[in-house]
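Here's the structure we're looking at; comments come further down.
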Amino acid sequence: MPDRKPFLLRIDRQILDAVQRWADDDLRSLNGQIEFLLRRALRDSGRGATPGDDVKAEGPREKGKGQGEKQKGEER
């Protein structure tokens, strides 16, 4: 497991509450959710923390697809 460094974060209350609800939906801690989101943003931007850095599956939630988006194998 990589070393962890404590970090103070000042964040808007509404954003924190929204991320907490998202963490609850994904069965993660708030800290775990923030780290997950940061890792995913780094991966998506091609700036992974380490080469080959992978983000684990999003977990139990499948309801994240918008109405207009189709899922794999789904026909319109």
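Considering the stretch 1-49 alone, what residues qualify as being outside any helix (DSSP H, G or I) and in contact with a helix residue (DSSP H, G or I) (Cβ under 7 Å, 6 or more places away or on another chain)?
Step one: of the stretch 1-49, the residues outside any helix (DSSP H, G or I) are 1-12, 26-29, 45-49.
Those that are outside any helix (DSSP H, G or I) and in contact with a helix residue (DSSP H, G or I) (Cβ under 7 Å, 6 or more places away or on another chain): ASP26, ARG28, SER29, GLY48, ALA49.
Using beta carbons and a limit of 9 Å, which pairs, at least six apart or on different chains, have the first residue in the stretch 27-40 and among the small types (Gly, Ala, Ser) and at pLDDT 95 or above and the second one assigned to a loop (DSSP other than H, G, I, E, B) and surrounded by 14 or more Cβ atoms within 10 Å (Cβ to Cβ)?
GLY32/ASP26
The values are calculated or read from the model by the stated rules, or taken from the named source; none is laboratory data. Only a predicted model underlies this, so the values are computations on that prediction, with no experimental measurement involved. Neighbour counts are summed over all protein chains in view; Cβ atoms, including those assigned to glycine, are modelled from backbone coordinates with ideal geometry.
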